[in-house]
Every structure is written in C-alpha cells, then in structure tokens.
1. For the condition buried (at least 16 other Cβ atoms within 10 Å of the Cβ), assigned to a helix (DSSP H, G or I) and at pLDDT 90 or above, what is the one hit in LEU79, LEU13, LEU48, LEU118?
2. Quickly run through the range 381-393 and pick out the residues that are more than 8 Å from the ligand (Cβ to nearest atom) and in contact with a strand residue (DSSP E or B) (Cβ under 9 Å, 6 or more places away or on another chain).
3. Of the residues in the range 434-450, how many are assigned to a loop (DSSP other than H, G, I, E, B) and within 15 Å of PHE476 (Cα to Cα)?
4. Kindly evaluate LEU464 against the criterion of being under 38 Å from the mean Cα position of the chain (by Cα), at pLDDT 95 or above and within 13 Å of the ligand (Cβ to nearest atom).
5. Specify the residue that is surrounded by the most Cβ atoms within 10 Å (Cβ to Cβ); the eligible residues are those in the range 416-434 that are of a type in the set (D, E, K, R) and either on the phi > 0 side of the Ramachandran plot or near the ligand (Cβ under 9 Å from one of its atoms) (or both).
6. Report, by residue number, each residue of the range 380-433 that is among the charged types (D, E, K, R), in contact (Cβ under 8 Å) with a residue 12 or more places away in the chain and not in a strand (DSSP E or B).
7. Starting from residues that are crowded, with 19+ Cβ neighbours inside 10 Å and aliphatic (A, V, I, L, M), keep the ones in the range 435-461 and report whichever is nearest to the ligand (Cβ to nearest atom).
8. State which residue is nearest to ALA410 (Cα to Cα) when the search covers only the range 434-469 and only residues that are without any contact (Cβ under 8 Å) to a residue 60 or more places away in the chain and polar (S, T, N, Q).
Amino acid sequence: MLKAQQHRWVGLLLWGLISALGCVMLARIELARQREAFETDARIVHRLLSQRVVQHDAVMATLALLQPATPGSQPEQRLSALYPQILSVQRRESGASWPDARLLVAETLSRALRGPALAGVDFARGRYYLVLAAEPASYALQMDLRAVVPWSEWPMAPETSAVRVLIEHEGQDWVLQPGRLGQGGWRFDFRKHLAAESQPFDVVAQRQVGWVELPWSWMLGWAALVAAVLVGWLALLRQRTARRRAEELLRLGQVTRLNAMGELAAGMAHELNQPLTALLANTQACTRLLDEVPSDMPTIRSAMAQAVEQARRASAVVSRLRRAVERPDLAAQLQPVDLMQAVQSALYLLEPEFRRRNVLPTLDALPDSVTVMAEPVALEQIIHNLLMNALQALEQVPFKERQLSVSVRATGGLGEMAVTDSGPGMTDEVLARIFEPFFTTREAGLGLGLSLCETLAAGMHGNLKAGRHAPRGAVFSLSLPLALPAPPGKP
Ligand code: ADP
C-alpha cells in the first residue's frame, strides 16, 4: 500500500517537474520567436522612415541648387504635388522676413550647420518645419508626419498589430500605430535614431506579450504527453511489483509446503514409534514368561526373538526416516534480523489479501529498530502464518468489525511481535490444543500451521504464545532473543 502510494507521489512529482520544465522551454521558444519578429518589424520601420526623412534633405538641397530661379516662377510650389508629406513651401528672399520667428532661428542654425534645420515641431498635430538657409533665397518646408509614413510598404497591419510605434522628439511623441500594451507578461522595446541629422527623431517600437499569448495548446499537449508516458511507466512498475509479489508468495508457499511435509513425516514417525516400542516391550516380556515355563519351546523362543528383531528393525527404520526428514538445524543459522522489517515485508506481501477482505492492518512499533536472532525464512513463515490465520478468523465477522494490528517491541532481552485480531477468538478447549499437529477447526485446514510455527520458534530459541484478546479476538505473540549489539570497533 505504502509502495503504491509512494510510486503515485513520485509519479506526480515527476509529472509536475517534467511538464513545468517543458512548458518553460516552449514558452521561451515562443517568446524568442515573438521577439525576433518584433525586432525584424521594428528594423524595417526604422529603415523605411529613415529613407523618407533623408529624402527631405535631398529635396531641400535640390531646391537650393536650382537657384536663382527665374523671377516670378516658383517651382518649389509644385513640390507638394510630388511629395504629399510636404504641406507647404515658404521662401524668403534676402531682405524679406519670415512670417514666423521660429523659422528665422532655424535659418540661422541652418547657416551654421550648413544643412537643413528643424523648426516648429508640433507632434500634437503631426507637423514640423525644415528650414534651409541659402542664397539668394532660403526655404522652409512644412512637413506632415502622417504622410511621411510609407504605409504601402509597412510590415504590419497598423490597425490590428499589437506593436505600438511612435516617433519621439524632445518629450513629444507622434503615434504612428497604437498597438496593444496590456499589463503583465513580457515587454519588448526598440529605440533608434532616424538616419537623418536634420530630423533627429527617435523611432520607438514597443510590444507587450501577454500570458494569453503563450503557446498554451502546445504546453497542454506536452503535459498530457508526459502524463501518458508516466501513467504507462507506473502501470509497468505496478505490473512488475505484482509479478515479484506473486513469485515471493509462491516461494513462501513452497517453503511452507516443504516444512509441512516435514512436520507430517515427523508426526507420523512419532506416532509409529510409540506402538513399536510397546510391541518391543511386550515381546520381551513374553519371552521372559516363556522362559519361566518348564516346557522347552525353542522354536517359539526363536520366533519371538525374530519378532523382537523385526520390531527393532522397524523401529530403526522409523528412526532413520525421522532423522531424514528432520529440519535443518535452525539454531546454526541464526543471524540478526530487523523484526520490524520482517513484519513490513510480510504485510506488503499480503497486501492483496488484506484488500480483498477489506482489512486495514495497523502497525504499532517503537521508533528504535528491534533486532532479533532469527533464521530469516523461518521468521517470515511464522509472521505469514499468523497473519493468514488472523485474516481467516476475521472472515467470520462483519466488515466493519474487522481489526488487525501488529505490534513490535523489545522487553527483557526479547524482541516480541504480536498479531491481534478482532475475530471470533478461541474457546479454552481450542486454546489448549492449538499447537498440536493436525488440530484444526477449519474445514479446509490441515492443522499444521501453528504446530510448525511453534517448532520453528523453538528452533530459534524463541517461543510462540496464543491468547484471547479482550473484548473479542485472538492474540499470537512470538518472542525471540534480541541480537547482541556489535562489539565496539566492529561494523
Ligand atoms: P489451520 O489453519 O490449517 O486450521 P493452524 O495450525 O494454523 O491450522 O490453526 C489451528 C487452529 O487454530 C485453527 O483451525 C483455528 O481454529 C485456530 N486458530 C488459529 N489462529 C486463530 C485466530 N487468529 N483466531 C481464532 N482461531 C485461530
């Protein structure tokens, strides 16, 4: 039960970890892709706008070069027709004055710079002037920012794109594309000067990638895939555990059967030996009596002697058989065994049996380990038998009254393990005969289990006791000598 639950938790933890890692990777890939697309668009926007503003410088230079114009002809007035971004062209002949003082300032600056200068930047209306000081006339172009943008070559859909694009200049900004900047998520920024000295505007692009834009379907798909693989792996693990448990039960069953056969043979030998010994005694007495009779009966005597000989031989055969089926000396195979671990492994092995009978065993143990001297397989067999007996007893009471507890403790140099059940318990008569070979109250019982357990316990210098449990049920306790602590210096 414990192992299955542990597997489930480990599986869940693994699923969480692998899913989270995969989702983070997918999100990062998507964010990198979005950033790449954003930066590419922003670079295209910067290049397009730079090309346009540089064009303005060229237009102004051409205007200055074409001077002096034929008096009366004003070719610059046709510029607006050619360039929609040029709203108007003003010309100041030498000696005349500008209608706007800002243009004069810009002209002075232009003269110093030897190139066009900026004036009257009004981003609220999307307007600005470009002034070029020249002889004999200076020019001022009023520009319309809206028309500066080459929308036909624009890399994004200006109405729907999530990218916000602005042109900034000294605290003023002109929004070319509104975009969508929400709260939370990831923010990409791009800022670059336009490539024209006369119009030192910044192109600013911003993009906010919200949580909803993460590749949720891929992430969910990944989590589902990981879950499917882990469920498969858990199923495989469970299958393997079940197979191992079945093999273990089979092994225990074989050992039990072998030992039960030994017990059977030992019982038979014991039963046979008694009448044979009596026969021997009787025939010997008979021989003595015959000796007292004055009649000479040599033939009878020799026949009796032969009978005695036969009886002796039979007795010897039985003794030999008994020696042959005697269990190996358990005392020689004792080793330190953790009693708690032995109990836990038996509980684990019988887990399906408990589940089938709706019994939830409780384990009551000290925090310290209790190490006893035992032969591991024999100990395993005793615990297994006691648990199986308790389960069989519990089958006779209703589900909700079924209780089974195992306790492990150490008292007076002994390690004790007790199995208590809330079954029907035992009468005095049953209790008195419970360890006898072939004593059983169960229809399908052999009556060898407890007798074998007692023999195994005694073989390990321990003992097995049966008792009644109040208010109802039985308790079987096995005591074994505690293992001596390892002498200092030795592991
Ligand atoms: P079997 O299980 O084949 O009958 P056992 O030697 O294991 O042989 O048990 C002998 C008898 O002891 C059982 O038939 C049953 O009457 C009694 N017994 C054993 N364990 C319990 C128990 N936990 N509660 C009540 N009776 C028990």
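The values are calculated or read from the model by the stated rules, or taken from the named source; none is laboratory data. Keep in mind the model is a prediction, meaning the values are calculated, not measured. Please note: Cβ atoms are built from the backbone with ideal geometry, for glycine as well, and neighbour counts cover all protein chains shown.
1. None of the other options fit; the residue is LEU48.
2. Matches in the range 381-393: ILE382, ILE383, LEU387, LEU391.
3. From the range 434-450, those assigned to a loop (DSSP other than H, G, I, E, B) are 434-448; that's our starting set.
Applying the additional criterion that residues be within 15 Å of PHE476 (Cα to Cα) yields 434-435.
Of the residues in that region, 2 qualify.
4. When the stated conditions are applied, LEU464 does not pass them.
5. Top of the filtered list is ASP421.
6. Filtering the range 380-433 for residues among the charged types (D, E, K, R) gives 380, 395, 400-402, 409, 416, 421, 428-429, 433.
Adding the requirement that they be in contact (Cβ under 8 Å) with a residue 12 or more places away in the chain leaves 380, 395, 401-402, 409, 416, 421.
Within the range 380-433, GLU380, GLU395, GLU401, ARG402 meet the criteria.
7. Residue satisfying both the conditions and the ranking: LEU450.
8. The first filter runs over the range 434-469 and keeps only residues without any contact (Cβ under 8 Å) to a residue 60 or more places away in the chain, leaving 434-436, 439-445, 447, 454, 458, 463, 465-469.
Those still in the list that are polar (S, T, N, Q) too: 440-441, 463.
Details: THR440: 31, THR441: 33, ASN463: 14 Å.
Residue satisfying both the conditions and the ranking: ASN463.
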